[in-house]
Structure formats: structure tokens, C-alpha cells
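Before I ask anything, let me first share the structure, which is written out below as C-alpha cells.
The values are calculated or read from the model by the stated rules, or taken from the named source; none is laboratory data. Fair warning: this is a prediction, and the values are worked out from it, not measured in the lab. All Cβ positions, even for glycine, are placed from backbone atoms using ideal geometry, and neighbour counts span all protein chains on display.
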Amino acid sequence: MPASFEFLRGVLGIIGLGCAYMAGRSLAAVHREGRKLSTLYGWVIRAVLCLSAIIFRHPVDLIAMALWGFGALLFGAGYMQALHRKAPEDLSHEIFPPES
């Protein structure tokens, strides 16, 4: 029994949302750390392909618009989370206590 197209639309939507989030994190890494621009392009292309594939055989409906809007929100959330990252905690004094 083949999978229904509605199920595949949902799976593509979830994958597209994850790719949009990773595209936001990648944009922040490009701006902040000077990472390669090709990683950003890769995530953006994946997100656009997955989120545009959900309207391949269906007209633009509420589900498609909600996924696109949520994708834009996740892009921004990924960008903000990557910019406001906590510095790693220095545990060297606990691992190697000072000698007395």
C-alpha cells in the first residue's frame, strides 16, 4: 500500500522546517565566524525545495502558508540562537585543582 500524498506533504514540511532552522544558524555562523558561504546556500536550497514541494500537486492552502510562515520564524529563531550562544564554561580548575 503506497503512502498517501498528504503524509508525504507533512514529512516534507517537517524536513523543510528543519532546513530553515539550520539555514538561520548557518547565516549566523557566516556572519560571526566567517564560515563557508556554500553551507548557507546548501541549507537555503534544501529549505526552498522542501517547502515548495508541498504545493506540487495541491494549490496553496492554509497548511502551505502556515509551514512557510513557521519556516520564516524558525529561520529567525535559528539565527538569534546562534548569535546569542553561551560561552563554554571553564572547568579546568575543577578537573585540575591547584596544588597547595
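Looking only at the stretch 66-87, which residues are modelled with pLDDT under 85 and not hydrophobic (A, V, I, L, M, F, W, C)? I'd like the intermediate steps shown before the answer.
Here is the first cut: in the stretch 66-87, the residues modelled with pLDDT under 85 are 85-87.
Listed by number, the residues that qualify are R85, K86.
Hey, G42 hits all of (1) free of Cβ contacts under 8 Å to residues at least 24 places away in the same chain; (2) small (G, A, S); (3) under 18 Å from M80 (Cβ atoms) but one; which does it fall short on?
Exception for G42: condition (3).
(1) surrounded by 13 or more Cβ atoms within 10 Å (Cβ to Cβ); (2) farther than 15 Å from A77 by Cα: which one isn't true of C19, the others all being true?
In the conditions (1) surrounded by 13 or more Cβ atoms within 10 Å (Cβ to Cβ); (2) farther than 15 Å from A77 by Cα, C19 misses (2) alone.
Quick one: H58 ticks every box in (1) touching a Phe, Trp or Tyr at 6+ places or on another chain (Cβ under 7 Å); (2) surrounded by fewer than 14 Cβ atoms within 10 Å (Cβ to Cβ) bar one, so which box is it?
(1) is the only condition that H58 fails.
Next up: Can you work out which of the residues in the stretch 1-50 that are aliphatic (A, V, I, L, M) and over 16 Å from the mean Cα position of the chain (by Cα) is modelled with the highest pLDDT?
Pass one, the stretch 1-50, residues aliphatic (A, V, I, L, M): 1, 3, 8, 11-12, 14-15, 17, 20, 22-23, 27-30, 37, 40, 44-45, 47-49.
The next check asks that each one be over 16 Å from the mean Cα position of the chain (by Cα); those that pass are 1, 3, 8.
Numbers: M1: 69, A3: 74, L8: 88.
Residue satisfying both the conditions and the ranking: L8.
Does the stretch 1-16 hold any residues that are more than 10 Å from C50 (Cα to Cα) and either among the hydroxyl-bearing types (S, T, Y) or buried (at least 20 other Cβ atoms within 10 Å of the Cβ) (or both), and which are they?
Residue satisfying the conditions is S4 alone.
When residues of the stretch 24-40 are filtered for being surrounded by 13 or more Cβ atoms within 10 Å (Cβ to Cβ) and farther than 25 Å from F70 by Cα, how many remain?
Summing the residues that are surrounded by 13 or more Cβ atoms within 10 Å (Cβ to Cβ) and farther than 25 Å from F70 by Cα in the stretch 24-40 gives 1.
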